[in-house]
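Trainee: Quick one: the structure is below, and I'll ask about it shortly.
Every read-out reported here was derived from the displayed coordinates using simple, explicitly stated rules and does not represent laboratory data. In this text the structure is predicted, and so the values were computed from the model without any measurement. Backbone-built Cβ (ideal geometry, glycine too); neighbour counts: all protein chains shown.
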Amino acid sequence: MIGLPAPLFTAPTDDGTLSLASLRGKKVVLYFYPKDATPGCTIEAQGFRDLHDAFVAKGAVILGVSKDSAKKHASFKAKQCLPFTLVSDEGGICEAYGAWREKSLYGRKYLGIARVTFLLDEQGVIQRVWDPVKAAGHAQDVLSAL
């Protein structure tokens, strides 16, 4: 996917609706995560929260994406004091980016969101992909790539 235009989407967020196309002219860190308020997802979100000012200083916008509802996103965002937007995938965003995959837990196979991050340039072209992602320290890895 590196070098290709990022799939566009318009989706509900924790505080309204967002169109990816509206962010042209800015770098976008688009990170996919399985579920709000779970241990790994909270660690990852806190990492992006703690480095948010540094991302902004480098001209980047952070977007977290999961299949949780906009209402659940708003609650998670408030509880964790997240200064960035959480997108609710109601229309196949995860599938378009290849983040919806077969996973395995205790030998049971199921479909779910893989922890994957994309860095988009100002023209909406995918410049870098982190796959798989380890939650702890991931935000620093992404920031270092900017």
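Trainee: Quick one: if you stick a label point 7 Å off each Cα along the C-beta vector at LYS35 and VAL129, how many nm between them?
Mentor: With each label point 7 Å from Cα toward Cβ, the separation is 2.6 nm.
Trainee: Based only on Cα atoms, what Rg/Rh ratio does the chain have, Rh being taken as Kirkwood's radius? Present the calculation step by step, with values, prior to reporting the outcome.
Mentor: Working: Rg = 14.1 Å, Rh = 15.2 Å.
Radius of gyration over Kirkwood radius for the chain works out to 0.93.
Trainee: Would you list LEU20, LEU4, LEU51 from fewest to most Cβ contacts within 10 Å?
Mentor: In increasing order of surrounding Cβ atoms, one gets LEU4, LEU51, LEU20.
Trainee: Could you list CYS81, CYS94 in order of exposure, starting from the residue whose Cβ has the fewest other Cβ atoms within 10 Å? Walk me through the intermediate numbers first.
Mentor: Working: CYS81 9, CYS94 21.
In order of increasing Cβ crowding within 10 Å: CYS81, CYS94.
Trainee: How do TYR31, TYR110, TYR97 line up, fewest other C-beta atoms within 10 Å first? All intermediate terms of the calculation are to be shown ahead of the outcome.
Mentor: On the way: TYR31 26, TYR110 9, TYR97 23.
With the fewest neighbours first, TYR31, TYR110, TYR97 line up as TYR110, TYR97, TYR31.
Trainee: I would also like to ask the following. Please tell me which of these pairs span more than 32 angstrom C-alpha to C-alpha: LYS58/LYS109; LYS26/LYS109; LYS27/LYS77; LYS27/LYS109? Write down the numbers at each step before the final one.
Mentor: Working: LYS58/LYS109 40 Å; LYS26/LYS109 38 Å; LYS27/LYS77 22 Å; LYS27/LYS109 35 Å.
Where the Cα-Cα span goes over 32 Å, the pairs concerned are LYS58/LYS109; LYS26/LYS109; LYS27/LYS109.
Trainee: By DSSP, what percent of the beta bridges with both residues in the range 1-83 are antiparallel, rounded to the nearest 5?
Mentor: Working: 4 of 10 bridges.
Expressed as a percentage, antiparallel bridges in the range 1-83 total about 40.
Trainee: Right, another one. For the range 85-146, what relative contact order do you get, as a whole percent, if you take Cα pairs closer than 8 Å and at least 6 residues apart?
Mentor: Relative contact order for the range 85-146 comes out at 19 percent.
Trainee: Please list the non-local residues whose amide H lies under 5 Å from the amide H of VAL87, H modeled 1.01 Å from N, same-chain partners needing a gap of 5 or more.
Mentor: GLY64, VAL65, SER66
Trainee: Positive end of the charge dipole of the range 26-146 (Lys, Arg +1 and Asp, Glu -1 on Cβ, about the Cα centre): tell me which of ALA45, VAL125, ALA96 has its Cα farthest that way.
Mentor: ALA45
Trainee: With the Cα gyration tensor of the range 75-123 giving a ≥ b ≥ c as the square roots of its eigenvalues, does the rule (a/c under 1.5 for rounded; else a/b larger than b/c for prolate; else oblate) give rounded, prolate or oblate?
Mentor: Details: a/c = 2.26, a/b = 1.33, b/c = 1.69.
Oblate, since a/c reaches 1.5 and b/c is not below a/b.
Trainee: Based on DSSP, what percent of beta bridges with both residues in the chain are antiparallel, to the nearest 5?
Mentor: Values: 21 of 31 bridges.
Percentage antiparallel, nearest 5: 70.
Trainee: Given H placed 1.01 Å from N in the peptide plane, which residues other than close sequence neighbours of VAL125 have an amide H under 5 Å from its amide H?
Mentor: Under 5 Å from the amide H of VAL125 lie the amide H atoms of ALA6, each far enough along the sequence or on another chain.
Trainee: Now for a separate question. What lysines could a cross-link reach from LYS72, if we take a straight Cα to Cα line under 16 Å and drop same-chain neighbours fewer than 8 places away?
Mentor: LYS35
Trainee: By how many nm would the segment from LYS71 to ALA57 grow when fully extended, if each residue of separation counts as 0.36 nm and the alpha-carbon distance is taken off? Could the numbers behind the result be given before it?
Mentor: Working: separation 14, 0.36 × 14 = 5.04 nm, distance 2.91 nm.
That pair, LYS71 and ALA57, stretches by 2.1 nm at full extension.
Trainee: Could you work out [θ]222 nm for the chain from helices alone, using -39500 (n - 2.57) per DSSP H run of at least four and dividing by all its residues? Round to the nearest 500 deg cm²/dmol. Working shown, then result.
Mentor: Working: 5 runs with 41 residues, N = 146.
Helices in the chain give a 222 nm mean residue ellipticity of -7500 deg cm²/dmol.
Trainee: Using 0.36 nm times the number of residues separating CYS81 and GLU122, minus their current alpha carbon distance, what extension gain do you get? It would help to have the intermediate numbers written out before the result.
Mentor: On the way: separation 41, 0.36 × 41 = 14.76 nm, distance 2.67 nm.
That pair, CYS81 and GLU122, stretches by 12.1 nm at full extension.
Trainee: Quick one: 3J(HN,Hα) in Hz for the range 80-96, Karplus 6.51/-1.76/1.60 with θ = phi - 60°, rounded, Gly and Pro as x.
Mentor: Calculated HN-Hα couplings, in order: 9, 6, 7, x, 10, 7, 10, 9, 9, 7, 10, x, x, 4, 4, 5, 4 Hz.
Trainee: Taking the Cα centre of the chain as origin, sum charge times position over the Cβ atoms of Lys and Arg (+1) and Asp and Glu (-1), and report the length of that vector in debye to the nearest 20. Kindly include the intermediate steps, with their values, before the conclusion.
Mentor: Numbers: 18 positive and 15 negative charges, 61 e Å.
Using only the charged Cβ atoms, the result is roughly 300 debye.
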